Amino acid sequence: MSDRYDCIIVGAGPAGIAAAYKLAGAGLSVLVFERGGFPGSKNMFGGILYSTILNRLIPEFWKEAPVERHVVRRRYSFLSKDSEAAFDLKFDAFNNPPYNHSFTVLRARFDKWFAKKAEEAGAVVVTEAVVDDFITEGERVQGVKVRMEGGTVYGDVVICAEGANSLLSEKIGMKKRPDPANMVLGVKEIISLPKGVIEDRFSLEDGEGAALEFFGEALGGEIGSGFIYTNRETLSVGIGCPISVLKEKGMKPYELIESFKRHPSVKNFLRGGKIEEYSARMIPEGGYDSLPALTRDGLLLTGDCAGLVNPSLYKEGTNLAMASGVFAADTVIEAKEKGDFSKATLDGYVKRLQESFVLKDLKRYRDVPATLHSVPGFFKEYPEGIMELLQGHFTVTEESKEDVHREIKRLFRDKVSIWRLVRDIYKLRRLIT
Ligand SMILES: Cc1cc2nc3c(=O)[nH]c(=O)nc-3n(C[C@H](O)[C@H](O)[C@H](O)COP(=O)(O)OP(=O)(O)OC[C@H]3O[C@@H](n4cnc5c(N)ncnc54)[C@H](O)[C@@H]3O)c2cc1C
């Protein structure tokens, strides 16, 4: 490790490694610092890697990357205390390359592989190296201080890809401590099951994967969701809930995941499985209106530390992180050619984000975070009301169908006013459209 590089990158997650791969490929000297024992060792996510950007960087990457399954089945469930209404989709077309750019992966394996690709391209990746601070001269960032011997390293520019727990970006004043209403705590277990059992239980062929999302009683009627994603021989099972809600309601994440796993519509998917791992991480879901400053002289923020997560039903973070890494790298390459690493030049990064799906999507779904908090009925009264309606409809009795329908309409109206329902449907349209 020398003490001067063209670019220093903090963090070997999808954003940092995408940037490193692109920069090294362009012939720049790149140094990545990662605090984990190896890239991915400290990382966790729900489980679906969205890969349009990765496929541009490494065409047909799935032929060599440690992907678990490609996702062909999507299932969205509304749970009440003991019942479920689900919307189940399966697309055979997603069995063909590029597999709808959706793969389940385990980060400990995937990040390690991706970082190796960056090393092969010429980047230097140093692990067990915690960056404690930026080195600045006036406004300009000139390098980093690392918790290791000889840990003062200089660079023309620094790309910060430190993830959701963005201590460095906050320390240098690029962002404020995030609002707990916009930070979702994700808790996940890896549960092992034999491959054949997973395929039978989730109606999958060899290699196919399923992504199941659960709302409503999945979290005791609070904002958030539960999920089950299928890996090759394990399931990724978890919940996500805003930190503000956990605090206000005094709820404990491990109790929430336990109660999710016990729900009658969830427990059979997990039957006989063995818990292999338990982990928790934050997701920045504040969206467009919570974006921090993205550049300053000598510094760019990418991925989760820049708040680049789509908070709608798509829950896309990995693709946005990689896109931001690539755009940051393109901007650094341009800055290197000009010999100018000022904010004015680095703002080319913001322009690239604005012209891409990254900021276009964040802008489109900018109301989602506030809407979720302002329509609490979405997670409790509506699932309960709908389940009551459906249960009434399908219950066999000797009453006339007209009487049954009149009674269930009355029951639903007692719970939810029609005007409120219409208003909430209008507000919630942005979750999926
Ligand atoms: C529970 C959960 C479920 C999710 N589900 C999905 C999903 O299904 N699909 C999806 O696309 N996205 C999902 N996401 C979001 C996705 O994980 C993130 O958007 C993505 O990982 C962001 O990549 P990143 O590189 O910006 O940050 P990270 O992946 O967090 O990587 C940051 C890296 O920086 C390192 N680091 C941090 N600080 C320092 C330091 N000071 N010095 C050195 N190294 C440091 C960390 O160890 C880490 O390796 C989920 C997130 C969570 C928490």
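The values are calculated or read from the model by the stated rules, or taken from the named source; none is laboratory data. Note that the coordinates shown come from a computational prediction; the quantities given were computed from them, not determined experimentally. With ideal geometry, Cβ positions are generated from the backbone for all residues, glycine too; neighbour counts draw on all protein chains shown. Note: areas computed on protein heavy atoms with side chains; ligands, DNA, RNA excluded. Shrake-Rupley method; radii C 1.70, N 1.55, O 1.52, S 1.80 Å.
At a glance:
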item	result
Of all residues making up the range 266-277, the number that are in contact with a Phe, Trp or Tyr (Cβ under 8 Å, 6 or more places away or on another chain) and not aliphatic (A, V, I, L, M)	1
Scan of the range 153-205 for residues that are farther than 23 Å from Ser259 by Cα, hydroxyl-bearing (Ser, Thr, Tyr) and open to solvent by less than 40 Å² (accessible area, probe 1.4 Å), ordered by number	Ser166, Ser169
Given (1) open to solvent by less than 50 Å² (accessible area, probe 1.4 Å); (2) under 23 Å from the mean Cα position of the chain (by Cα), number of the condition Glu276 does not satisfy	(1)
Some residue of the range 127-137 being assigned to a loop (DSSP other than H, G, I, E, B) and of a type in the set (Val, Ile, Thr)	yes
Pair list, Cβ under 9 Å, 6 or more apart: the range 39-66 residue within 16 Å of Lys112 (Cβ to Cβ), other residue more than 15 Å from the ligand (Cβ to nearest atom) and among the β-branched types (Val, Ile, Thr)	Glu64/Ile58; Ala65/Ile58
Residues (in a loop (DSSP other than H, G, I, E, B), farther than 18 Å from Phe202 by Cα and at pLDDT 95 or above) located in the range 78-118	Asn96, Pro97, Pro98, Leu106
Qualifying residue in the range 238-254 (condition: among the polar types (S, T, N, Q), in contact with an Asp or Glu (Cβ under 9 Å, 6 or more places away or on another chain) and in a strand (DSSP E or B))	no
Filtered residue count, the range 221-233, keeping only those that are away from the ligand (no atom under 15 Å from the Cβ) and in contact with an Asp or Glu (Cβ under 9 Å, 6 or more places away or on another chain)	3
Residue selected from the range 361-408 under the condition of a type in the set (Lys, Arg) and not in a helix (DSSP H, G or I), by the criterion farthest from Leu246 (Cα to Cα)	Arg366
Candidate set: the range 16-44, residues that are touching a Leu at 6+ places or on another chain (Cβ under 8 Å) and of a type in the set (A, V, I, L, M, F, W, C); chosen: the one nearest to the ligand (Cβ to nearest atom)	Ala18
Selected residue [open to solvent by less than 50 Å² (accessible area, probe 1.4 Å) and either over 19 Å from Tyr314 (Cα atoms) or of a type in the set (D, E, K, R) (or both)] from Ala26, Ala19	Ala19
